[in-house]
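Beneath this line is the structure, given in structure tokens, with notes to follow.
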């Protein structure tokens, strides 16, 4: 990453849009991801938040952690609420009512509120083409209610509703590919990010918000409480998720895929899995199954990124090989 | 200069919304509300109404989009019916709890199962306790007038609550009635611009929808209750003003020959007009009967109801909805509750009928009143009477 | 909001329970949660700010010497800063019993 190892205060705005004193768990990856995402943006934003970890730990009445206008209503309707805000601002601006120029609408939700109960509202809002950004903070289960499985829970993970037992190895289905679902809606910008690559995350969020029309960003947020890992391994786990190919970082701009990171060789998934209590029970064949599937999915992604570019060399962040003019 | 024109009530309701300059319309189609939202879509597409029309993918999202829009300070409208209202059920208390002015026209239709697209009040009754102000109309003119009043009531700084205007599906939505549409200039003068006091705005950030731990939840709910109770004053004042400007006066309880009547029939909705004819015919036969029509359902008009029935001995209530396994008619239950502690206790006879679009004729009403008087005299082993079922 | 919740009356509630003071959660001392605390050897600090970037609380500030230090009012003691600090300036120690 180009901006690595440089003076942070010169690169990142000082103002915290998300005040400390919030009630997130110790070492919460989602709190970190939210903090970083909003550092990439200015104050001319309205935030619509779904019920979930991020909403609960920031909004115990009579206080709030937010320095931005913020609305929470229900669990599954963030994208619909954001549509309403976007439409209201559009018409009020047109009619000459006093509203600021260029206000952006950002909808944030967890993995449950996006890929499960919130999928309908998200699909509707993306299809209608509202000018908003939807950010999914994915901690891979319904963490706020105590680690119940969602469709974003990875295969083999033990959660309270997909527990380990004599007849079960944990989560029985493969993680739902939300970024692909977003891409299928033909929206101008889709990206995946992780808080362990903060500058990449900030660039992507800024780009998503600046895009005209709907944009979708899927951010892996490590949850040490739910994933049963040590509170200080949050950044490390995010890096491992990316380096093993379990959570690839990429962008899709108007249907064109682009990998954010050049990984000549993927680390074995075992490095990632063994650090988390939720995977500790997995036998070697299950781990091999996961390894095989991760490699297939990663290969598919690489092929999409290379599609139609037989004459162009793949751009490489690590700087290996010449980049064409 | 206003003329009376023959127009389908749904179209007139959509025209009323247009005259009120609604700014965001988020709606999902459902029989029998479709003509309202279709006409609104036409008006927006033709540029006759400068609004954002969001064709949402479900009623739940329709009401959710309305939440976002009202919270931003735009004038917001939606319409639904029956199953759609049931699907929105989760969002309705959020709208009232968060004090967001949203106007919704409900084309009353029976709830499934079995599926029925025809008129009754079961959908209205299923959302009794959601904290919305609820007004019921009996004809197209009242629908148009109360849509205009609804915007003014909802957005009033002292109220800031969402309002439902109930009109019977098909019996009203799909009939052509003679309606006077007010002049645009009159409506503009009557309706101030929407100025929501604490909208979502980056210049002055607010946080809406935090969670309340047990230590303050009761206070939050009580504040909401005091607000809806006190809104009655604003509603009455609005109707008075409307009466002065447009010449049509509305009341929370409409009385029809009820002063001095010993037997009163209480009805809601369009079926009241048929019942009025029955009352006229019976009075021509020197029967001492009268009618009371409930217009304001929430906040419930306790004083006005008690005043309207003070001379009566028998109140016969017709409900177009049934509380299964319970006391039968929701309206009858509420009337009984309102009258329970009075010094002189009246006899209340509850009838449930006209469900799922079944009509009751003039003769039917006369029969019902006779039967009601009989039951008041002899008593009944039933909690309520079901009218018109073939045994 | 000056009043504690247990003393607020229904009249004190804002319409729709809207919170009009942005960032009012700053009053909450989340530092009471921690069982370990960061300690610093600032001789090694290169003032890169990576710890400030990675703090989930956002409570790391530059002190007057330009070194980055956690605000113990909010610090929950997760240890991410200690783990990510390259020159190993930060060491987590157990909070002692008072």
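Here, each number is a calculation from the coordinates, and none is a lab measurement. All values reported here derive from a predicted model rather than from experimental measurement. Here the Cβ positions follow ideal geometry from the backbone for every residue, glycine too, while neighbour counts run over all protein chains shown.
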Mean separation of Cα contacts under 8 Å, 6 or more apart, over the residue count of the stretch B:4-246: relative contact order %
24 percent
Cα convex hull of chain A: how many Å³ per residue?
148 Å³
What is the antiparallel percent of DSSP beta bridges lying wholly in chain A, to the nearest 5?
30 percent
What FRET efficiency, computed as 1/(1 + (r/R0)^6) with R0 = 45 Å and r the Cβ-Cβ distance, is obtained for residue B:240 and residue B:378, rounded to the nearest 0.05?
0.55
How large is log10 of I(q)/I(0) for chain B at q = 0.10 Å⁻¹ when the intensity is taken from the Debye formula with one equal scatterer per alpha-carbon?
-0.64
Segments B:9-22, B:97-110 sorted - mean Cβ within 10 Å per residue, highest first
B:97-110, B:9-22
Per-pair calculated FRET efficiency, R0 = 30 Å: residue B:183 and residue B:283 via Cβ, rounded to 0.05
0.20
Using a 10 Å cut-off around each Cβ, can you sort A:203, A:285, B:240 from fewest to most neighbouring Cβ atoms?
A:285, B:240, A:203
Test of understanding: ordering B:303, B:138, B:90, A:101 by Cβ neighbours within 10 Å, fewest first, what list do you get?
A:101, B:303, B:90, B:138
Suppose we keep just the DSSP beta bridges with both residues in the stretch C:29-94; what percent of those would be antiparallel, to 5?
100 percent
Gain in span if fully extended, residue B:50 to residue B:337, counting 0.36 nm per residue against the direct Cα distance
98.7 nm
Full-extension gain in nm, residue A:102 to residue A:239, via 0.36 nm per residue minus C-alpha separation:
45.8 nm
Computed from the beta carbon distance with a Förster radius of 51 Å, FRET efficiency for residue C:33 and residue B:193 to the nearest 0.05 stands at 0.60
What shape does chain C have by the C-alpha gyration tensor, where a ≥ b ≥ c are the square roots of the eigenvalues, rounded means a/c under 1.5, and otherwise prolate means a/b greater than b/c and oblate the rest?
prolate
Quick one: Cα centre-to-centre distance for the stretch B:329-368 and the stretch B:138-172, in angstrom?
24 Å
If you count, for every residue in B:86-99, the Cβ atoms of partner chains within 10 Å of its Cβ, what is the mean?
2
Inter-chain Cβ neighbour average for residues C:78-87, partner chain, 10 Å
5
Taking chain A and dividing mean pair separation by its residue count, relative contact order in percent (alpha carbons under 8 Å, at least six apart)
15 percent
Give, in nm to one decimal, the length gained when the segment between residue B:38 and residue B:176 is fully stretched (0.36 nm per residue of separation minus the Cα-Cα distance).
48.0 nm
Round to the nearest 10 and give me the degree value, 0 to 90, for the angle of helix B:140-155's Cα axis relative to the longest principal axis of chain B.
50 degrees
Determine, for each peptide in B:175-182, B:147-154, A:254-261, the mean count of other beta carbons within 10 angstrom over its residues, then list the peptides with the highest first.
B:147-154, B:175-182, A:254-261
Largest first and in whole Å, give the semi-axes of the stretch B:256-386's equivalent ellipsoid, each being the square root of 5 times a Cα gyration tensor eigenvalue.
19, 18, 15
Quickly estimate the mean residue ellipticity at 222 nm for the protein assembly as shown, helices only: each DSSP H run with n ≥ 4 gives -39500 (n - 2.57), and the total goes over all residues, rounded to 500.
-10000 deg cm²/dmol
When the Cα centres of the stretch B:231-283 and the stretch A:37-103 are compared, how far apart do they sit, in Å?
43 Å
Share, in percent, of DSSP beta bridges within the protein assembly as shown that are antiparallel, nearest 5
35 percent
For helix B:34-45, report the angle its Cα long axis makes with the longest principal axis of the Cα atoms of chain B; keep it between 0 and 90° and round to the nearest 10°.
20 degrees
Between helix B:9-19 and chain B: long-axis angle, C-alpha atoms, 0 to 90°, nearest 10
40 degrees
Using Cα-only point scatterers and the Debye equation, what is log10 of I(q)/I(0) for the stretch B:175-235 at each q in 0.24 Å⁻¹, rounded to two decimals?
-1.10
Could you tell me whether the stretch B:29-85 comes out rounded, prolate or oblate from its Cα gyration tensor? Rule is a ≥ b ≥ c as square roots of the eigenvalues, rounded for a/c under 1.5, then prolate if a/b exceeds b/c, otherwise oblate.
oblate
Beta carbons within 10 angstrom, averaged per residue: use that to sort the peptides B:55-68, B:325-338, highest first.
B:55-68, B:325-338
Per-residue Cβ neighbour rank within 10 angstrom, fewest leading, B:246, A:132
B:246, A:132
Simple spin-label model, 7 Å along Cα-to-Cβ: residue A:256 to residue A:94 in nm?
3.2 nm
In whole Å, what is the distance between the alpha-carbon centres of the stretch B:1-38 and the stretch A:274-292?
60 Å
What nm distance separates the two modelled labels at residue B:390 and residue C:67, each placed 7 Å from Cα along Cα→Cβ?
9.2 nm
Once a ≥ b ≥ c are taken as the square roots of the eigenvalues of the Cα gyration tensor of the stretch B:34-143, is the result rounded (a/c under 1.5), prolate (a/b larger than b/c) or oblate (a/b not larger than b/c)?
oblate
What percentage of all Cα-Cα pairs in the protein assembly as shown are separated by more than 48 Å?
31 percent
Along the Cα→Cβ direction, 7 angstrom out, place labels at residue B:211 and residue C:86. What is the inter-label distance in nm?
4.0 nm
Taking Cα pairs under 8 Å and at least six residues apart, what relative contact order does the stretch B:256-386 come out at, in percent?
27 percent
